[in-house]
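Every read-out reported here was derived from the displayed coordinates using simple, explicitly stated rules and does not represent laboratory data. It should be emphasised that the depicted structure is a prediction, and the values quoted were computed from it without experimental measurement. Ideal geometry is used to build each Cβ from the backbone, glycine not excepted, and the neighbour counts take in all protein chains shown.
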Amino acid sequence: MRKLVLKMSISVDGFLSGPNGEIDWLLKSLDTDVITWLLDTLWQADVHIMGRRTFHDMAAYYPTSSEPYAAPMNEIPKVVFSRNGLFAGKGEERTKGFEDASRLIPTGSGSSSTQSWAHATVAQGELAEEIARLKQQAGKIILAHGGAHFAQSLARSGCVDEYRLLVHPLALGNGLPLFSGLTKPVNLRLVSATAFGGGVVGLVYRAT
């Protein structure tokens, strides 16, 4: 059985973004070593899972991006979790996170790879049941991305086997927390802690 890994960036006070989804603070504190750490995690997966709005943001961003993350994000298959289908919100505005990334990160010609986005699988069933089916399949790790509400749902579900958290040297005071609405405590074991030069700390926890 393969494991589900949730990769997220958080502030030191536990927020995934500002109250309106702002992520400009985390984009400004990335350095080469953090990017290498992230790339290693991305390439360890053979499927990326995410919520619908995050999928549409990433599908609009990565095919023309020249970022180091573009290759794994464009090449690795996707599963999108949406009860109402992939295009339930077609035409809605992009998230604040998409706006921040587009504004702060220069774009390039990119790879123009769209196959994994065009052929994404849509999971419309109960979250825990869909995750259980993915875990039963052969393969490498299942890597979960946000947005915040999808990450919160995964944490509440108890399906996450490992958390890979990049803790950024900034306190937001308020925003969207990762561990919101838990029905019971989540017990974790620290596997590794990596301090990077810019003040970001990479923490890997496994569920006990």
Worksheet item: Taking only pairs that are 8 or more places apart or on different chains, how many Lys pairs in the chain have Cα atoms under 25 angstrom apart?
Response: 16
Worksheet item: Given labels modelled 7 Å from the Cα in the Cβ direction, how far is it in nm from His149 to Leu188?
Response: 2.3
Fill in: the range 113-169 shape via C-alpha gyration tensor axes, a/c threshold 1.5
oblate
Practice prompt. In a Gaussian network model over the chain where Cα atoms closer than 10 Å are linked, find which of Ser17, Ser29, Ser65 has the largest mean-square fluctuation.
Written response: Ser29
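When a/c is below 1.5 the answer is rounded, else prolate if a/b is larger than b/c, else oblate, so apply that to the chain with a ≥ b ≥ c taken from the square roots of the Cα gyration tensor eigenvalues. Present the calculation step by step, with values, prior to reporting the outcome.
Details: a/c = 1.28, a/b = 1.02, b/c = 1.25.
It is rounded, given that a/c, with a ≥ b ≥ c, falls under 1.5.
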Discussion item. If I model a spin label as a point 7 Å beyond the Cα along the Cα-Cβ vector, how far apart are those points for Tyr69 and Lys3 in nm?
Written reply: 2.2
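What share of the DSSP beta bridges in the chain is antiparallel, in percent to the nearest 5?
On the way: 15 of 36 bridges.
If we restrict to bridges inside the chain, about 40 percent are antiparallel.
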Item to complete: Under a 10 Å cutoff between Cα atoms, tell me which one of Val79, Val160, Val186 has the largest fluctuation in the Gaussian network model of the chain.
Response: Val186
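Taking each full run of DSSP H in the chain as one helix, which ones are at least 27 Å long along their axis (Cα atoms) and have mean Kyte-Doolittle hydropathy of at least 1.6? Intermediate results must be reported in sequence, preceding the final value.
Details: long enough: none.
Qualifying helices: none.
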Practice prompt. Apply 1/(1 + (r/R0)^6) to the Cβ-Cβ distance of Val201 and Phe87, taking R0 = 35 Å, and write down the FRET efficiency to the nearest 0.05.
Written response: 0.35
Fill in: Nonlocal amide H pairs with Leu178, under 5 Å, H built at 1.01 Å
Leu16
Discussion item. Run the simple label-point estimate for Thr121 and Thr208 please: 7 Å along Cα→C-beta, distance reported in nm.
Written reply: 3.3
Response to the item:
Ordering 168-177, 5-14, 47-56, 129-138 by per-residue average of other C-beta atoms within 10 angstrom, highest first, gives 47-56, 5-14, 168-177, 129-138
Item to complete: Give a residue-ordered list of calculated ³J(HN,Hα) values for the range 169-176 (Karplus: 6.51 cos²θ - 1.76 cosθ + 1.60, θ = phi - 60°; whole Hz; x for Gly, Pro).
Response: x, 7, 9, 8, x, 7, x, 9
